[in-house]
Every structure is written in C-alpha cells, then in structure tokens.
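Rule-based calculations on the coordinates, nothing more; no lab input. In this text, all values refer to a predicted model and were calculated from it rather than measured experimentally. Because the Cβ atoms are built from the backbone with ideal geometry, glycine has one as well, and the counts that use them run over all protein chains shown.
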C-alpha cells in the first residue's frame, strides 16, 4: 500500500473516529494518534477519556492542540498518522486569537496550520487519516463567531479534500466514498 492522505468527514456522532480507527488498526503497523482536544471542562475531559479508552494501548499518542504539523514532524516516524480532529484544531486556532476575532486573521492562522500539516504529510513516509466535522449541512449559526468558525472550517475542509487522495463522508456509521485515489474527482 502506497502513501496516501485520507480525509474523513461527517456530522457529530456519525462514526468518523471509529471508522478512522478501524482503517489504521492493522497490527503490527505502528500508529501515531494525534489528539487536538483540550480538556477545558468536565464534559470534554469525559469525552477525551472515552476516546482514550477506545484506542489500542500500543498506539503512540501525540497531544498537539496547535502547530500540529510541527509536532508530527518532531515525533517518531510511524506507518500511520491519525489526526482526530481538524474541528477541534480549528477551535483551538480560533480561541488562540485576540478578540474581537477578524476573519482574515482567523483564516490566515488556519491556513498556516494547514500548510504545516500538508508539509508534514509531504515529509512523512506514513499514510495519513484526518478526521473533521462537516459543518455546512446544519443550521446557520446564530452568532457571528459561530458563522466565522463554520466558514473557516468549511474552507479548510475544502482545501484538505483537494489535497487528499481519498475523501470519505460518514452517515450513520456508514462510509460514502466522495473521492477515491485514481478517480477523476
């Protein structure tokens, strides 16, 4: 199997993380699990604990809420890199900016993260799987910051989808192939 970048998109609780973990869990292959979540409250701490419990113990975990590409490049090489998730990375980038957040500043900061990630992928011998929420199918967020987040993450997902060899959209735990390596998408 050659080097490949796969983007897995879907809504909340669509089965993205579970599917991604199944993709890369091929013993004896080594896996670098890149976690972008931070435990800012009890609910998030509980969600992180559930994700940790569901991961195989032999995987290497890298906690990288920002500058993820740099962190991956500094990590020990593995057969697989699984980043879960781009949505929380976009949140971390947004929350790192001074208020009031300007769209151009947020987009530039997110573009910098994406450039770092894609550079790390190019320099890596591993197959990569990126998980992200598809945020453009729901209601328009009520608040300007929510709309800004949706727009920047949506553009980021588009950029990643263009760079990816495969794009999978999860619906109710079922994968739908949107783009496949070698196709004319």
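I'd like to compare 3-11, 94-102: which one has the highest average count of other Cβ atoms within 10 Å, and what's the full order after that?
Listed from highest to lowest mean packing, they are 3-11, 94-102.
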**Prompt:** So what are the radius of gyration and Dmax for the Cα set of the stretch 117-185, in Å?
**Reply:** 14.1, 43
**Fill in**
Length gained if residue 118 through residue 140 is fully extended, taking 0.36 nm per residue and subtracting the Cα-Cα distance, is 5.0 nm
**Complete:** Both in Å, the radius of gyration and Dmax of the C-alpha trace of the stretch 33-185 are 15.8, 45
**Item:** On Cα atoms only, tilt of 144-163 relative to the major axis of the chain in degrees
**Value:** 30 degrees
**Prompt:** Where does each of 49-55, 82-88 land if you order them by average Cβ count within 10 Å, highest first?
**Reply:** 82-88, 49-55
